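Since the structure comes first, as structure tokens, the remarks are kept for the end.
The values are calculated or read from the model by the stated rules, or taken from the named source; none is laboratory data. Fair warning: this is a prediction, and the values are worked out from it, not measured in the lab. A quick note on method: Cβ atoms are made from the backbone with ideal geometry, for glycine too, and the neighbour counts reach across all protein chains shown. Ligands, DNA and RNA are excluded from the accessible area calculation, which covers all protein heavy atoms including side chains. Shrake-Rupley method; radii C 1.70, N 1.55, O 1.52, S 1.80 Å.
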Amino acid sequence: MSDMKPASTASHDVIQTQAAPRPVGTYPHARRVGELLFLSGIGPRDAATNAIAGNEYFADGRVRRYDIAAQARAVFANVRAVLEASGAHWEDLVDVTVYLTDMGRDFKAYNAVWAEHFPDIETAPCRTTLGITALPTPIAIELKCTAVVRQPAPAAGA
């Protein structure tokens, strides 16, 4: 049973799923236009608890330390959940933009997790990695993905 909540027009479908964390603003998890699927930025928050994988906090709520590998794995799981809710598959990814809040510290570990999920350069999506100063919640990584889906979108309630 799909929990996709489509808001269809003649040209696109909007995808929302309870299998991924709720967006932090008023935007969908994904939007499908023809064969293209555009995912909104996705972070490592847990869909059920909103907890952030790998974060340890001080008593006042500030982040004490984080585990970029744990956050990267959680992001990939959330991307997979949105892809599946959209009728897409991991192999349908064609382009990924990665945002890291500490490129110097985290790139090597992130790159190792990427290689676990995309071991073959022939089937891996294109990737751009950007170092940024902050994200809207206390996360160290966010992904923006595009996929190509050649099958019909799932029917609502299917």
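Structure summary
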quantity: FRET E, pair Asp120, Asp46, Förster distance 35 Å, beta-carbon r, rounded to 0.05; calculated: 0.75
quantity: Amide H partners (placed H, <5 Å) of Ile15, local residues excluded; calculated: His29, Ala30, Arg31, Arg32
quantity: Positive-end residue of Gly61, Gly34, Val14, charge dipole of the chain with Cβ unit charges; calculated: Gly61
quantity: Mean Cβ neighbour count within 10 Å, used as a protection proxy, ranking 115-123, 137-145 highest first; calculated: 137-145, 115-123
quantity: Dipole of the chain, positive end: most advanced residue of Gly25, Tyr110, Ser86 [Cβ charges, Cα centre]; calculated: Gly25
quantity: Estimated dipole of the chain in Debye, rounded to 20 [Cβ of Lys and Arg +1, of Asp and Glu -1, Cα centre]; calculated: 380
quantity: Phi-based couplings in Hz for segment 62-78 (Karplus 6.51, -1.76, 1.60; Gly and Pro marked x); calculated: 5, 6, 7, 7, 9, 10, 5, 5, 5, 5, 4, 4, 5, 4, 4, 5, 5
quantity: Folded to 0 to 90 degrees: helix 103-117 orientation relative to the chain principal axis, Cα; calculated: 40
quantity: Estimated vicinal HN-Hα couplings, Hz - segment 125-138 in sequence order (Karplus 6.51, -1.76, 1.60; Gly, Pro = x); calculated: x, 5, 8, 10, 10, 10, x, 10, 7, 6, 10, x, 10, x
quantity: Local electrostatic count at Thr97 - Lys and Arg +1, Asp and Glu -1, tallied over other residues with Cβ under 13 Å; calculated: 0
quantity: Length added when fully stretched, Asp102-Asp60, from 0.36 nm per residue minus Cα-Cα; calculated: 12.9 nm
quantity: Of all accessible heavy-atom area on segment 1-125, the percent that carbon and sulfur account for (1.4 Å); calculated: 53
quantity: Cβ-based net charge around Ala134, under 12 Å, with every Lys or Arg adding one and every Asp or Glu removing one; calculated: -2
